[in-house]
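The values are calculated or read from the model by the stated rules, or taken from the named source; none is laboratory data. Note that the coordinates shown come from a computational prediction; the quantities given were computed from them, not determined experimentally. Glycine gets a Cβ as well: all are built from the backbone with ideal geometry, and neighbour counts include every protein chain shown.
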């Protein structure tokens with residue numbers, strides 16, 4: 001095992017809107033058709049759309065300088081940052097810490113020694129009541145030093161791991177699943193991913209869609 005493991009440096013915290021749009025579009029350009037990241041192609045249209053929305057919002061704000069325009073610009077900027085952060089987590093996972101692969105996705109790297117402990121399983125996974133048909137809301141306790149969470153779902157036997165399908169990658173510790181079959185019971189599990197990869201799956205939680 002290597003003593004050093006390359007870590008994705010997200011680097012969006014202090015970027016102004018215009019530079020953030022440029023960063024996002026560069027990720028799209030470098031990842032489109034990239035054979036090392038075939039599993040990320042479905043994320044690119046949403047990332048490109050978020051870039052376009054921020055680009056428009058920034059232009060409108062710079063022209064009008066209105067309070068509402070500033071609010072919309074800041075909201076679009078926050079959304080694009082989350083998209084890039086989620087993308088960074090997936091790049092980290094698929095690159096296995098290979099610096100050249102990380103850079104090929106448009107991210108910079110930083111070096112950090114591998115932690116002595118892997119990610120723990122997320123705790124207190126639970127569902128919350130929702131009155132919207134076909135929706136289930138999930139929440140769980142945050143995991144320190146995690147990079148992303150992966151959400152898994154099944155309609156089948158919850159004891160069979162092969163039945164679970166990954167339905168979301170997110171940096172947040174909550175997620176609302178939509179377009180489910182009303183009256184159908186679903187089972188969920190969540191995994192936290194750190195610099196060493198995925199930790200163990202959480203305990204299950206079950207809920208019936210409204």
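Looking only at helices (runs of 4 or more DSSP H) that fall completely inside the stretch 16-112, which ones have 2 or more residues that are within 20 Å of the chain's Cα centre (by Cα) and more than 26 Å from residue 146 (Cα to Cα)?
17-31, 44-64
Tell me whether the stretch 66-81 contains one or more residues that are crowded, with 19+ Cβ neighbours inside 10 Å, under 22 Å from residue 193 (Cβ atoms), modelled with pLDDT of 95 or more and in contact with a helix residue (DSSP H, G or I) (Cβ under 8 Å, 6 or more places away or on another chain).
Yes, some residue in the stretch 66-81 is crowded, with 19+ Cβ neighbours inside 10 Å, under 22 Å from residue 193 (Cβ atoms), modelled with pLDDT of 95 or more and in contact with a helix residue (DSSP H, G or I) (Cβ under 8 Å, 6 or more places away or on another chain).
Provide a single number: the residues in the stretch 158-197 that are part of a loop (DSSP other than H, G, I, E, B) and touching a helix residue (DSSP H, G or I) at 6+ places or on another chain (Cβ under 6 Å).
Matching residues across the stretch 158-197 total 1.
Would you be able to tell me the number of residues in the stretch 113-167 that are at positive phi and within 21 Å of the chain's Cα centre (by Cα)?
Matching residues across the stretch 113-167 total 2.
Against the definition (in the same structural domain as residue 198 (by TED's automatic domain parsing), closer than 24 Å to residue 14 by Cβ and buried (at least 18 other Cβ atoms within 10 Å of the Cβ)), how does residue 147 come out, yes or no?
Judged against the criteria, residue 147 is a match.
Need the failing condition index for residue 109 against (1) modelled with pLDDT of 90 or more; (2) in the same structural domain as residue 10 (by TED's automatic domain parsing); (3) out of contact with any helix residue (DSSP H, G or I) (no Cβ under 8 Å at 6 or more places or on another chain), just the number.
(3)
Check residue 92 against each of (1) at pLDDT 95 or above; (2) within 28 Å of residue 17 (Cβ to Cβ) and name the one condition it does not meet.
Condition not satisfied by residue 92: (1).
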